[in-house]
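*Asks:* Before we start, here is the structure in question, set down as structure tokens.
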Amino acid sequence: MNGNRNLKQFSTLLMGLGLMLSSSLSAGNEFPLLTGAYLDTEPIRPVGVAFVSDGALVVAMNRGAGSGTETGTIALVDPFSGAVGEVIWSGNPIVDFGGGSGTSSWAAVTANDLILGDLDGLSVEAERGLPTGSSGRAVAVCPGQVALLLDSGSTIVARLEQRDGSEILSSPRGDTAVNDVACDPVSERLFVTGYNQVSETLQRPFIDGLSAAGASDWRAYQNGNPADTSDARGIALRRSDQGELWFASQASGGVSAFRRDPLDPNSNATLVSFDAYNQTFNLGGQTITFYGRFDPQTGALIRGQFQLSRLSNNSGNSVRVSDLDIDGAGRVHVAGVSSASMANRDGLTIQGIAVGAYSGADPSLLVASDDLSSRIHWTMFVDEGGRGSVVAVVTSGDRYAFLVENTGGSLLTFNAAVELDDLSAPPSGGTPYTWLGAWGNLERDAELFEDRFEF
């Protein structure tokens, strides 16, 4: 299968007029990808992505991946071609990146530094060293605030001023691992998730809702049921622009805390399921995904769902989650990696082209309806021997983008900017590479973008 695809249906006339391309978010086996492009020919490890208001992207990445001398880079990227433009910041390898979510600000954290910037200004606004003996783990932004996780013996969760990173609140944690953080600008709550090693053989997840003063207002999955014997971990949190709190996690098998009411382990949760790919029958210890919406005031589960793949004999198989985001219509976008095989894999197409054969790790993107009653899309992007994981996803209204860490083989490449198809050629050599996918109602001013990316 040829990895370099050209979208001939988009005329070069549109490019001269300024480009607005749209792909539908309707259900089906066809995924309406507009751009699938490698960012560069050198190994790059992707970290995060955010939209600029004019339609461009800001991408956080680590160049020189696998070399032992990675360089953290935050740069402007063209969503139509994957072309890398202005470098906004460069320094130590980036651990986490957050941007948007009702604000034009972004934040990045390295092992030693917190960097704050403005998406629309393409600027760095502040850079602060982290406290001695601590290292950055995760970061999130919301209007007026930055939420930060630090590893320092025990994890520290902090709320900072968005303007300069000065500390408002610092609260140490006693949990085994804290993996992600989110913030609410209205209530000034912070939310954290991770897991605790409650015995030699069991990890139990948690979500903690912290008050503006740092006290725990509620804690989901705090108490376990002895019948729940599958390890489980909280992985990602996201507060939507509508104020909803969403959570993504994984469990090693189907006998986990996620089948319970998060506030009452003796009661079963009412979960949304409609086929074998969100039901946990015929499953051993494979790692599966759980995602759900929670009440940010109380921690109550509003709706939740499992996600797993299935082998040809109908045995359950693994789907691991990396990230999630919520779009303007409330649909949840879940990013990760799927083992064999996701639903109707052999029938999936991208711009009318069949995806490549399974090669051990499908970079997986799921889009579910806001009530989780339907699977709008679930697809991967492999070409010849392609392997990897979707590590970051972002939505902005009806615009969508995601980053794949390509660890082997090649991924399908498309290019909405037809005269720039040479930028989409799959690299050769070491891995990993960073591959950008973009779709939805993408729009750009041709003259502005040509100046930025030197076409």
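The values are calculated or read from the model by the stated rules, or taken from the named source; none is laboratory data. Just so we're clear, the structure is a prediction, and the values are computed from it rather than from any experiment. Reconstructed Cβ throughout: ideal geometry from the backbone, glycine too, with neighbour counts over all protein chains shown. Just so you know, the surface numbers come from the protein's heavy atoms only, side chains and all, with ligands and any DNA or RNA stripped out. Shrake-Rupley method; radii C 1.70, N 1.55, O 1.52, S 1.80 Å.
*Asks:* State to the nearest 20 debye the size of the charge dipole of the chain about its Cα centre, where the only charges are +1 on K and R beta carbons and -1 on D and E beta carbons.
*Replies:* In total the dipole reaches around 1420 debye.
*Asks:* Right, something else. Calculate, for region 68-150, the solvent-accessible area per residue in square angstrom, rolling a 1.4 angstrom probe over the heavy atoms of the protein chains.
*Replies:* 32
*Asks:* Looking at region 105-181, which trypsin sites (Lys or Arg not before Pro) are DSSP coil and have at most 15 other C-beta atoms within 10 Å of their C-beta?
*Replies:* The qualifying sites are R163.
*Asks:* If exposed GluC sites (Glu not before Pro) are those in a DSSP loop with at most 10 other Cβ within 10 Å, what is the longest stretch of the chain that has none?
*Replies:* So the longest stretch without any such site is 201-453.
*Asks:* In whole Å, what are the extents of region 35-85 along the principal axes defined by its C-alpha atoms, from largest to smallest?
*Replies:* 35, 17, 15
*Asks:* What is the spin-label model distance, in nm, from S428 to D264 if the labels are put 7 Å beyond Cα along the C-beta direction?
*Replies:* 6.3
*Asks:* Contour minus end-to-end for T69 and I302, with contour as 0.36 nm per residue of separation and end-to-end as the Cα-Cα distance?
*Replies:* The T69-I302 span can extend by a further 79.4 nm.
*Asks:* P(r) for region 190-300, please, calculated from all Cα pair distances in 10 Å bins and given in %.
*Replies:* 14, 48, 31, 7, 0
*Asks:* Bin by bin, in steps of 10 Å, what percent of the Cα pairs in region 115-177 do you find, going until the bin that has the longest distance?
*Replies:* With 10 Å bins starting at 0, P(r) equals 21, 53, 22, 4.
*Asks:* How much net charge surrounds S341 when only the other residues with a Cβ under 10 Å from the Cβ of S341 are counted, with Lys and Arg +1 and Asp and Glu -1?
*Replies:* Result for the local shell: 0.
*Asks:* List every residue whose amide H lies under 5 Å from the amide H of L122, counting only residues 5 or more places away in sequence or on a different chain, with H placed 1.01 Å from N in the peptide plane.
*Replies:* So L122 has HN proximity to no qualifying residue.
*Asks:* How many angstrom separate the Cα center of region 96-125 from the Cα center of region 335-367?
*Replies:* Between the Cα centre of region 96-125 and that of region 335-367, the gap is 32 Å.
*Asks:* Taking Cα pairs under 8 Å and at least six residues apart, what relative contact order does region 274-345 come out at, in percent?
*Replies:* 29
*Asks:* Could you give the Stokes-Einstein D for region 256-358 in µm² per second, using the C-alpha Kirkwood radius, 20 °C, 1.002 mPa s?
*Replies:* 141
*Asks:* Then there's this: Are there chymotrypsin sites (Phe, Trp or Tyr not before Pro) in region 268-336 that DSSP puts in a loop and that have at most 12 other Cβ atoms within 10 Å, and which ones?
*Replies:* Sparse-neighbourhood loop chymotrypsin sites (Phe, Trp or Tyr not before Pro): F274, F281.
*Asks:* Quick check: the distance between the Cα centres of region 209-262 and region 167-202, to the nearest angstrom?
*Replies:* 11
*Asks:* Counting only C-alpha contacts under 8 Å and six or more residues apart, can you give the relative contact order of region 206-254 as a whole percent?
*Replies:* Taking the mean separation of contacting Cα pairs over the length of region 206-254, I get 28 percent.
*Asks:* Related question: Quick check: pseudo-label points 7 Å beyond the Cα along Cα→Cβ at D54 and V186, how many nm apart are they?
*Replies:* Simple spin-label model gives 3.3 nm for this pair.
*Asks:* Counting alpha carbon pairs within less than 8 Å and at least 6 residues apart, what relative contact order, in whole percent, applies to the chain?
*Replies:* 19
*Asks:* If you don't mind, another one. Which distance in nm do the two modelled labels at S374 and T229 give, with both placed 7 Å along the Cα-to-Cβ direction?
*Replies:* About 4.0 nm, to one decimal.
*Asks:* Here is a follow-up. Before I look further, what does region 340-381 give for accessible area per residue, probe 1.4 Å, in whole square angstrom?
*Replies:* 30
*Asks:* To continue, here is another question. How compact and how long is region 18-128, expressed as Rg and Dmax of its alpha-carbon atoms in Å?
*Replies:* In order Rg, Dmax, the Cα atoms of region 18-128 give 15.0, 47 Å.
*Asks:* Looking only at Cα atoms, what is the convex hull volume of the chain per residue, in Å³?
*Replies:* Taking the convex hull of the Cα positions in the chain, it is 130 Å³ per residue.
*Asks:* A follow-up question, please. When the helices in the chain are scored as -39500 (n - 2.57) per DSSP H run of 4 or longer and the sum is shared across all residues, what 222 nm value do you end up with, to the nearest 500 deg cm²/dmol?
*Replies:* After summing the helix terms and dividing by the residues of the chain, the value is -1000 deg cm²/dmol.
*Asks:* Then there's this: Please list, in order along region 163-179, the HN-Hα scalar couplings obtained from phi with the Karplus expression 6.51 cos²θ - 1.76 cosθ + 1.60 (θ = phi - 60°), rounded to whole Hz, x for Gly and Pro.
*Replies:* With the stated coefficients, region 163-179 comes to 5, 9, x, 5, 6, 9, 8, 9, 9, x, 10, x, 7, 4, 8, 10, 9 Hz.
*Asks:* What is the percent of Cα-Cα separations in region 306-396 that go past 14 Å?
*Replies:* 64
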